[in-house]
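Below is one structure, written out as structure tokens; comments come after it.
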Amino acid sequence: MAQPIPFSRNAGATRARHAKAMLLPIARPIADDLALRVHLALDALRRGVGSKADAQTLTQIVLLTGFLAESGFGLISGEELGAADRAVSAVFDIGRETGEWRLDGAGFALFASLATNYDRQLHSAPLWAITAASERLNRLVAGVPDQTPVRKQA
């Protein structure tokens, strides 16, 4: 019978393991699952069978990708983020008016690039950066003012 791994019950050892885990990227299956959700939403909107939830997923990815890039993980320009914001705003406007949630060809190309960037970020950024970006998104959704310090670029 296999013996369990003896972990120290010391609080300091637990904190040290947690701190070490925060420096590593998230587990590949979790990163793959998060990325797959984005790609499914993007495909549904490309085919014109999307929903409000799919458009919200793309909105979240614009924000998360930007937050992670601000933390130094991945490259995305302000112009790309602005164009993505305008494209998803158009999806919301048309979706509310017509009930058809669709991304045009240019919007799809833009978000395909953004989704690829997000994939890379998920597979390479440490857990602390992904957690911080996610918490920042949650605060934004809840309407809590963003108090993230602005990092100076070298």
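The values are calculated or read from the model by the stated rules, or taken from the named source; none is laboratory data. Just so it is clear, the structure is predicted and the values come from calculations on it, not from any experiment. Quick reminder, even Gly has a Cβ in these numbers, built from the backbone with ideal geometry, and neighbours come from all protein chains shown.
Couple of notes before you dig in:
- Of the residues making up the range 119-147, those that are over 15 Å from residue 35 (Cα atoms) and of a type in the set (Gly, Ala, Ser) number 5.
- Any hit, the range 105-127, residues being touching a helix residue (DSSP H, G or I) at 6+ places or on another chain (Cβ under 7 Å), at pLDDT 95 or above and among the hydroxyl-bearing types (Ser, Thr, Tyr): yes
- Positions within the range 92-133 being surrounded by fewer than 16 Cβ atoms within 10 Å (Cβ to Cβ) and hydroxyl-bearing (Ser, Thr, Tyr), in sequence order: 98, 113, 116, 124, 131
- Scoring residue 150 on the criteria (1) at pLDDT 95 or above; (2) more than 16 Å from residue 76 (Cβ to Cβ) leaves a single failure, condition (1).
- Some residue of the range 68-82 being in contact with an Asp or Glu (Cβ under 9 Å, 6 or more places away or on another chain) and either more than 24 Å from residue 135 (Cα to Cα) or among the small types (Gly, Ala, Ser) (or both): no
- Filter pass, residue 78 being among the small types (Gly, Ala, Ser) and either surrounded by fewer than 16 Cβ atoms within 10 Å (Cβ to Cβ) or in contact with a His (Cβ under 6 Å, 6 or more places away or on another chain) (or both): yes
- Scanning the range 50-72 for residues that are surrounded by fewer than 20 Cβ atoms within 10 Å (Cβ to Cβ) and either of a type in the set (Asp, Glu) or touching a strand residue (DSSP E or B) at 6+ places or on another chain (Cβ under 8 Å) (or both) returns 51, 52, 70.
- Considering the range 74-118, the residues that are in contact with a strand residue (DSSP E or B) (Cβ under 8 Å, 6 or more places away or on another chain) and not hydrophobic (A, V, I, L, M, F, W, C) include one that is farthest from residue 36 (Cα to Cα), namely 95.
- Against the conditions (1) at pLDDT 95 or above; (2) over 17 Å from the mean Cα position of the chain (by Cα), residue 143 satisfies every one except (1).
- Residues that are in contact (Cβ under 8 Å) with a residue 60 or more places away in the chain number at least 1 in the following helices (runs of 4 or more DSSP H) confined to the range 45-154: 52-70, 105-124, 127-142.
- Answer from 4, 29 - the residue that is in a loop (DSSP other than H, G, I, E, B) and either at pLDDT 95 or above or exposed (fewer than 14 other Cβ atoms within 10 Å of the Cβ) (or both): 4
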